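*Asks:* Pasting a structure below so you can have a look.
The values are calculated or read from the model by the stated rules, or taken from the named source; none is laboratory data. None of these values were measured; they are calculated from a predicted model. All Cβ positions, even for glycine, are placed from backbone atoms using ideal geometry, and neighbour counts span all protein chains on display. The protein model used for the area step is the full one, side chains on, heavy atoms only, and it has no ligands, DNA or RNA in it. Shrake-Rupley method; radii C 1.70, N 1.55, O 1.52, S 1.80 Å.
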Amino acid sequence: MTVGHGIFILIVVLSLSFFSYNAQRLVRYMMSIGQPENRTDHPLTRIKNLFIIGLAQKKILRDAVAGPLHASVFWGFVVLTIGTAEIIVQGLFPGFTYAAILPVPLYEFYILSQELFAVLVLAAVAVLLYRRIVVKPKRLQGDKVHSGDAILILSMIGALMVSLITLGAFGFALHPDSSTIFQPVSLALSHVFGGLSAGTLEAGRETSWWFHALLILVFLNYLPYSKHLHVLTSLPNTYLANTSGPGVKGAMSYMDLEAEGAEQFGASDVTQLGWKSLLDSYSCTECGRCTAVCPANITGKLLSPRKIMINTRQRLMELAPLATGDFGEFEHHTLVAGEGGDAGDASASAALGNTLLDNYITEEELWACTSCRACVEECPVSIDQLDIINELRRDLVLMESRFPPEIQPAFESLEKNGSPWAFDPGDRAKWAEGMDIPTMAEMVERGERPEVLFWVGCMGSFDDRAKKIAVAFARVLQAAKVKFAILGQEEKCNGDPARRMGNEYLYQMLARDNIETLDRYGVETIVTNCPHCFHQIGNEYPQLGGNYEVIHHSTYIEKLMDENRLPLNGEGKALTVAYHDSCYLGRYNGIYEAPRETMKRALPMMTLVEPPRNRSKGLCCGAGGGRMWMEETVGKRINVERTEELLATGADVLAVACPFCMTMIGDGVKAQGSSVPVLDISEVIAQQLGNQS
Ligand code: SF4
Ligand code: SF4
């Protein structure tokens, strides 16, 4: 064994030990600080996510500029890790080479892949460094992002690629008979080194090898201290991401309000968040894609989903060493009791006195969220920023009664009237007067069963504009001869506004009442024109034992068209229509085409135009997450921002598929002084109904 060989073995052992210590430390922080969560459900969906989002980089490629660059670095890293392993093993067992164990064609393919990916990664790194240092895109600024860290890591990756190529080039120049066309870049560079002495070439080869091998180990050990920890956590994070079921996204977590001994509801600190939210915080790359699409941030509010993640990580790293006893003198019970521990340690005492809520994330940020899921949709490593926002809102409302004063009347009315507005519950079915629509009670009394239950929702029942949508959809159902009923005054708010505003208690009260009513009538299939009712009843009621087939009216109308049940007149003007995607229909439930398709089929001469932000990239109208009931006093109004881009398409009509969007976009149109009509898709279809006899 040479001295160099011995030194290398020692370095590898020390490096791997230090890395393993840090990896265990971070896992210990996450698991001992975070609350238990089950992330083993739906393994097939998880594996699919791992391949499509993790390995195929589907989400990172949503950014047409930076996406391919980052994906190249990722794929290059995956391929080059095989070569890295060869180099480290060579250091431990001199003379080792894959050539000795692989068939020749496979070995040639391997060395070619190493060379090509090294060049690809090097080129991508150069462009990314240029972007970060010279171009400085807006989304890479702000929120205390660690730009220096990013530059250091990119430089390390670049240096690894350069040393990999010079290693081959010096080797070929020293031993020309070993040259191969399967390392074309090294081969070309070896000609440049051709005039150097054998001693210089040997020194160059040795230096490249040591530089490359040592830099890999430095890189590995730097990751746990860097925002580039995501290099290690992004694939597990993608596998473990929220998946309440195949096709079900965005369901808020179940909360057992009657759990024995439960004293905390929601989270005010990292100790009350699930461990997965803490893994999310480790995995944030600080890329800012989430903040760049956040309607609140875009319109000048304080909220930045990236900052939510950075702050969660900072708070975790402030608290975890104390909570897990890494600093010896602090025990977990000391921390929970809020005592200062060693009185001399001022910073530790300050850390113990801090909380994630207030010291890191303010109320103002939390209440600015519209729950639109644009951040979650955009995050390339499947982080759920909304989980943290929802848990902190729950703490604010359930534990501290801290919420914007203007939502107090909505809470009171939900409790008293079963709707967020102070309308008489007895007036729920007034919109349907004269339409010959039976209630469930009436139908059951006649000994009949409906094909579907039409869930009208509070907007359709009480809001003057939305009542017209309920009428239009009922006309569509009648024209298709669908046997349907409504609940009338037995229907209550589905509870979504209360849940999104943090009032889980009120939500469960409303949801359980509705489930009791639906089960009493044996309801199996529900259609609704409201995406919030659609999402809540279909995706979140199962947590409370309510299981129904819930269909949004866009999909249901499409089905009626497929079955040739809708008598359409096939007439109509050559209209230009711009459709606004509802967040709870699109990003929450993946329904993008049905609203467009139904309008196209009803209006053959229609031209559909799209605003720049459409489908999964669509901009929220500003009403979700309970924002409908809150003042919007900071920055530009979200509905105005959205309406401006819809009107900029030059459309004759703006179409929506949600009564909340109707209000927000309708108000936006008025604010712009425009007379462009805003129609629900059911109104567009109802206008095209032919002879109903
Ligand atoms: S859900 Fe929407 S509003 Fe809330 S933080 Fe994410 S992008 Fe912003
Ligand atoms: S949460 Fe996701 S999208 Fe947002 S900055 Fe972090 S990695 Fe990027």
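*Asks:* Tell me, what is the Rg over Rh of the stretch 3-239, with Rh the Kirkwood radius over Cα pairs?
*Replies:* Details: Rg = 19.9 Å, Rh = 20.0 Å.
That ratio is 1.00, to two decimals.
*Asks:* With charges only on Cβ, +1 for K and R and -1 for D and E, what is the dipole size of the chain about its Cα centre, in debye, rounded to 20?
*Replies:* Values: 59 positive and 76 negative charges, 427 e Å.
Here the size comes out at about 2040 debye.
*Asks:* So, one more: Taking all protein chains together and a probe of 1.4 Å, list Tyr588, Tyr254, Tyr521, Tyr222 from the most accessible to the least accessible.
*Replies:* Per-residue accessible area, sorted high to low, gives Tyr254, Tyr222, Tyr521, Tyr588.
*Asks:* If you average over every viewing direction, what projected area does the convex hull of the Cα atoms of the stretch 102-168 give, in nm²?
*Replies:* Mean projected area for the stretch 102-168: 5.6 nm², to one decimal.
*Asks:* List the lysines whose Cα lies under 16 Å from the Cα of Lys573, skipping any in the same chain that are fewer than 8 positions away.
*Replies:* Filter leaves Lys600.
*Asks:* Follow-up question, since we're still on this one. In whole Hz, with x marking every Gly and Pro, tabulate ³J(HN,Hα) for the stretch 507-523 from phi via Karplus 6.51 cos²θ - 1.76 cosθ + 1.60, θ = phi - 60°.
*Replies:* 4, 5, 4, 5, 5, 5, 4, 5, 4, 4, 5, 4, 5, 4, 8, x, 5
*Asks:* Please list, in order along the stretch 43-54, the HN-Hα scalar couplings obtained from phi with the Karplus expression 6.51 cos²θ - 1.76 cosθ + 1.60 (θ = phi - 60°), rounded to whole Hz, x for Gly and Pro.
*Replies:* x, 5, 5, 5, 5, 4, 4, 4, 6, 6, 8, x
*Asks:* Here's another thing I want to ask about it. With every protein chain in place, what's the accessible area of Glu558 (1.4 Å probe, Å², nearest 10)?
*Replies:* About 40 Å², rounded to the nearest 10.
*Asks:* Can you tell me which aspartates and glutamates have their Cα less than 19 Å from the Cα of Lys58? Leave out same-chain residues fewer than eight positions away.
*Replies:* Asp280, Glu286, Glu377, Glu378, Asp384
*Asks:* What is the log10 of I(q)/I(0) for the chain, computed with the Debye formula using one identical point scatterer on each Cα and no solvent, at q = 0.08, 0.11 Å⁻¹?
*Replies:* Scattering profile of the chain, log10 relative to I(0): -0.72, -1.14.
*Asks:* Over the stretch 350-443, one equal point on each Cα, no solvent: what is log10 I(q)/I(0) by the Debye formula at q = 0.15, 0.16 Å⁻¹?
*Replies:* -0.81, -0.86
*Asks:* Counting pairs of Cα atoms in the stretch 450-584, how many percent are more than 27 Å apart?
*Replies:* Above the 27 Å cut-off, the stretch 450-584 has 22 percent of its Cα pairs.
*Asks:* Return the subset of Lys468/Lys559; Lys249/Lys670; Lys227/Lys276; Lys559/Lys617 for which the Cα-Cα distance in this structure is over 29 Å, preserving the input order. Please report the intermediate quantities before stating the final value.
*Replies:* Values: Lys468/Lys559 22 Å; Lys249/Lys670 33 Å; Lys227/Lys276 17 Å; Lys559/Lys617 26 Å.
Too far apart for the 29 Å limit: Lys249/Lys670.
*Asks:* Need one number: convex hull volume per residue for the stretch 576-686, Cα atoms only, in Å³.
*Replies:* Taking the convex hull of the Cα positions in the stretch 576-686, it is 96 Å³ per residue.
*Asks:* Right, another one. For the stretch 213-330, taking Cα atoms only, what is the radius of gyration to one decimal and the Dmax to the nearest whole Å?
*Replies:* Spelled out, the Cα radius of gyration and Dmax of the stretch 213-330 are 17.3, 56 Å.
*Asks:* Report in % the part of the accessible area of the chain that belongs to carbon and sulfur, leaving out ligands and nucleic acids; probe 1.4 Å.
*Replies:* That fraction is 60 percent.
*Asks:* Separate question: Taking amide H positions as placed 1.01 Å from N in the peptide plane, with prolines and chain starts having none, which residues 5 or more places from Leu679, or on another chain, fall under 5 Å of its amide H?
*Replies:* Correct list: Leu654, Ala655, Val656.
*Asks:* Which three numbers, in whole Å and largest first, are the semi-axes of the equivalent ellipsoid of the stretch 1-115 derived from its Cα gyration tensor as √(5λ)?
*Replies:* After diagonalising the Cα gyration tensor, the semi-axes are 32, 26, 14 Å.
*Asks:* OK, next. Show me, for the stretch 570-576, the HN-Hα J-couplings you get by feeding each phi into the Karplus relation (A = 6.51, B = -1.76, C = 1.60, θ = phi - 60°), rounded to Hz, glycine and proline as x.
*Replies:* Residue by residue, the stretch 570-576 yields x, 9, x, 7, 7, 8, 10 Hz.
*Asks:* For the stretch 270-402, what are the per-bin percents of Cα-Cα distances with bins 10 Å wide, up to the bin holding the maximum?
*Replies:* P(r) over the stretch 270-402, rounded to whole percents: 12, 40, 31, 14, 2.
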